[in-house]
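Take this structure, written in structure tokens, and hold onto it; I'll ask about it next.
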Amino acid sequence: MFENLTDKIERAFKVLKGHGQITEINVAETLKEVRRALLDADVNFKTAKEFTQSVKEKALGRNVLTSISPGQLLTKICHEELVELMGGAEAELQFQGSPGIILMSGLQGSGKTTFSGKLANFLKNKKGKKPLLVACDVYRPAAIDQLHVLGDQLGIEVFSNKEEKNPVKIAEAAIQHAKSNSFNVVIVDTAGRLAVDAEMMDEIEAIKKALNPTETLFVVDSMTGQDAVNTAKAFNDRIDFDGVVLTKLDGDTRGGAALSIKAVVDKPIKFVGTGEKMDALDVFYPQRMADRILGMGDVVSLVERAQEQFDEEQARKLQKKIQKNQFDFNDFLGQLQQIKKMGNVKDLLGMVPGMGKALKNVDIEDDAFKHIEAIIHSMTPAERSNPALLNGSRKKRIATGSGTSIQEVNKLIKQFDDTRKMMKVMGNKQEMMKMMKQMK
Ligand code: GDP
């Protein structure tokens, strides 16, 4: 759904590749691209500007660890800001009450009726509730029929009254009906118009006042781009809703609405609709949405773990040793231990974008380093710091001592030599992970 935005942001980050440091100039360049990508995705201008400004301030204020590239760090900051922009933590739906009352608002065609059905289904199946659907569109008999069709399909009762022309009366009667028939959530679908008009606003305001709902949701079609934000603002000014439902995120949407709405009306997105079917409903998680927008596997956690585990000072010393070609088995062991501290190897590799899928059916031992460690531990200090000493009889002794074979010892020595060569040209964590994979 966010492919376009993701591609563009990824391209923006590429500008930073090869730069060793975050500077005012390369950050500005990258963020200019990020801002352009956001605007192209229909993110509101003010929001895009504030977003990039805030990322810039944070990026310049933060130390770059040698183990993390500036691109990775900037991605992480962008991610944090995106999550913030979309409301931080997940916002829960309030549906408790006797009965809990959920009121839908929004324009015609936004997906209110479809979402009412999806939500009723969700509350019934996932939350163990007994929901009642209420059809309050007094202008379009077809809308009432549509809700009945959905209700039949889902096995959920629908309350309606085609004779009654006052939606407040219908809703009040529905609540009475719910009370006497032990429904514990009432979902009220209301009429919309093709555009915001005074009559519709008066009506929804009157319904809200009369019902005092537990939760008022504003449903909006994400494909309407900037209009989605304007409509949200008009509804919020009038009825002060509690949360937003973004529908049609499965379509060819540019997704900007998801990023701007929270910033503009300061109300959280609670659900997203991702298809016409009744189960195409997702709870909205800002964190996951940010992951998707940045197309990031789970780079964020990877960077976080690396930040926790990598010792700056040690990394610098190691870098020097590598440059002087003094990298030995003690350093090799140290590196292994650092990587191990970051967690299970398969998990770690799975966090590298694109790698998760590739590894799905690959069996990687949890303790892939056990033999390697045993071999290094069986070496004398002199052998560890001077691998050139390792002749045939020493190798034999090491194999016996570590409970491995000469072949394994030889393999490790070869890997070590290769690694030493490779490390001269790299020295960063990502490359290290690749190397670990080859060692398997
Ligand atoms: P209402 O007028 O606000 O009640 O809107 P409807 O619920 O009738 O939805 C309008 C159209 O959008 C219908 O054809 C729905 O099937 C479709 N629709 C609703 N939600 C989604 C969604 O999340 N994804 C897609 N692709 N279509 C949706």
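No lab work stands behind these numbers, since they all come straight from the coordinates. Note that the coordinates shown come from a computational prediction; the quantities given were computed from them, not determined experimentally. Using ideal geometry, Cβ is built from the backbone for each residue, glycine included, and neighbour counts are taken over all protein chains shown.
Can you bin every Cα-Cα distance in the stretch 100-293 into 5 Å intervals starting at zero and give me the percent of pairs per bin, rounded to whole numbers?
1, 8, 18, 22, 22, 16, 9, 4, 1, 0
Separation between the Arg316 and Val196 pseudo-spin-labels, each 7 Å from Cα along Cα→Cβ, expressed in nm?
5.6
Would you mind putting 219-225, 242-248 in packing order, based on average other-beta-carbon counts within 10 Å, highest first?
In decreasing order of mean packing, 219-225, 242-248 become 242-248, 219-225.
Now, a different point. Over 28 Å between Cα atoms, which of Lys165/Lys209; Lys8/Lys112; Lys208/Lys262; Lys49/Lys208; Lys118/Lys233 qualify?
Exceeds cut-off: Lys8/Lys112; Lys49/Lys208.
Report the label-to-label distance for Glu205 and Asp145 in nanometres (one decimal), using points 7 Å from each Cα along the Cα→Cβ vector.
Between Glu205 and Asp145, the label points sit 3.4 nm apart.
Leu154: net charge of surrounding residues, Cβ under 12 Å, Lys/Arg +1, Asp/Glu -1, itself excluded?
On the way: positive: Lys118, Lys124, Lys277; negative: Asp152, Glu157, Asp279.
Counting the neighbours of Leu154, the net charge comes to 0.
Looking at the stretch 161-192, which trypsin sites (Lys or Arg not before Pro) are DSSP coil and have at most 11 other C-beta atoms within 10 Å of their C-beta?
Within the stretch 161-192, the qualifying trypsin sites (Lys or Arg not before Pro) (loop, at most 11 other Cβ atoms within 10 Å) are Lys162, Lys165.
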